[in-house]
Amino acid sequence: MSRQLRIEFPGAVYHVFSRGNQKQPIFLSDEDRFYLHKILGDVHGKFGVIIQAYCLMPNHYHLNASTPLGGLSKAMHLLNTGYSVYLNKKHGRCGHLFQGRFKSILVEAGSYAIELTRYIHLNPVRAGLVARPEDYVWSSYRDYLGLRPPYPWLDPSPIVGRSTPEDSARRQNYAAYVTSGIGAGPPAGYYESKRTGILGGEEFVDAIRRDYLKDKVLVRDRERPQLEALFHKATLAEILHLTESLLGPRNRLSRSAAIYLSHRKADHTLAEIASFFDMSISGVSNARRRAEQEIIANSTFASVIHEIAERLRIRGSNLPSIRN
């Protein structure tokens, strides 16, 4: 069974969502919804989690959650477990309430976070529960418009500022922005973010990959498909070009090194490599073996091979350009 990639660090912002097991309702009364509000307050008090936007739908919920202290997994364990115990006890139920563990997507602040809050607030409209998002009382949209005071654990200020006369223009602009999104699709890159676990621009994704995922990416983990999606399988042309750049195109071992890296480090098949280098499969196997023997016998060569492998493992890792 696959496991979701968790990227947790202080100051991170997430889109978090949990769905009822087999799509069953997770709220059976308004009292249940108020109780989830109460647990969100507990999560805020214990872990410092700040909810920037939320929406409680009949069989799932959405949160835009900021974690100044980190610890998203512990916070969500308290939320989902605490609510499940409450609901089962109150309504005489047993078994799992939620469909597996919570899902989370790391979100870049700024325009991506703003677009995400619109997506969250428009959930009831897309589901046909209301015609206008402000008519749905179980989301933070009315708080965004200043129609009611927010809970202590809810902070819309990163998007619409404080509830002051000075920020009324921001609230009006946000309301117009949300209305313009009725009938539109999800945020740009949203479907890709479900695959990778990260919603943001290319620089943000590369920074997360470099600063928080490097050790994980070094060992491929097929049980976590989101990590696989962030793993860059370097092309044969990239591998050859980088190898020749560091070893020298006239180095007798350049081709053998490129073949070794292509097969052992980038998972290209022997057939693919043979076709690219215009060699037989047995010739490719012999070249790979020569490189392996050289790695054992020559520490300088082994060091260069290690450096090339490091550069190839993570997408956007300063690969030299390939001239046409």
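Values computed for the structure shown
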read-out: Only listed residue being of a type in the set (A, V, I, L, M), outside any helix (DSSP H, G or I) and in contact with a helix residue (DSSP H, G or I) (Cβ under 8 Å, 6 or more places away or on another chain), chosen from Ala266, Ala271, Ala291; value: Ala266
read-out: Matching residues in region 249-260 - criterion: being part of a helix (DSSP H, G or I) and either farther than 14 Å from Phe276 by Cα or not hydrophobic (A, V, I, L, M, F, W, C) (or both); value: Ser254, Arg255, Ser256, Ala257, Tyr260
read-out: Sole residue being at pLDDT 85 or above, more than 30 Å from Ile208 (Cα to Cα) and surrounded by fewer than 17 Cβ atoms within 10 Å (Cβ to Cβ), chosen from Ser256, Ser280, Ser245, Ser303; value: Ser280
read-out: Tally, over region 206-242, of residues that are modelled with pLDDT of 55 or more, under 20 Å from Ala266 (Cβ atoms) and touching a strand residue (DSSP E or B) at 6+ places or on another chain (Cβ under 7 Å); value: 4
read-out: Verdict on Leu122 being buried (at least 20 other Cβ atoms within 10 Å of the Cβ) and in the same structural domain as Gln24 (by TED's automatic domain parsing); value: yes
read-out: When residues of region 79-99 are limited to those that are surrounded by fewer than 18 Cβ atoms within 10 Å (Cβ to Cβ) and touching a helix residue (DSSP H, G or I) at 6+ places or on another chain (Cβ under 8 Å), the one nearest to Val43 (Cα to Cα); value: Gly82
read-out: Some residue of region 164-174 being touching a residue at least 60 places away in the same chain (Cβ under 8 Å), of a type outside the set (A, V, I, L, M) and surrounded by fewer than 19 Cβ atoms within 10 Å (Cβ to Cβ); value: no
read-out: Selection within region 188-207 - assigned to a helix (DSSP H, G or I) and either closer than 18 Å to Arg126 by Cα or not aliphatic (A, V, I, L, M) (or both); value: Tyr190, Tyr191, Glu192, Ser193, Lys194, Arg195, Thr196, Glu202, Glu203, Phe204, Asp206
read-out: Failed criterion for Ala184 (all others in (1) more than 14 Å from Tyr54 (Cα to Cα); (2) aliphatic (A, V, I, L, M); (3) buried (at least 16 other Cβ atoms within 10 Å of the Cβ) hold); value: (3)
read-out: The listed residue being in the same structural domain as Phe17 (by TED's automatic domain parsing), of a type outside the set (Val, Ile, Thr) and modelled with pLDDT under 90, out of Ala175, Ala109, Ala127; value: Ala109
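The values are calculated or read from the model by the stated rules, or taken from the named source; none is laboratory data. This structure is a prediction, so every number in the text was calculated from the model and none was measured. Neighbour counts run over all protein chains shown; Cβ positions are idealised from the backbone, glycine included.
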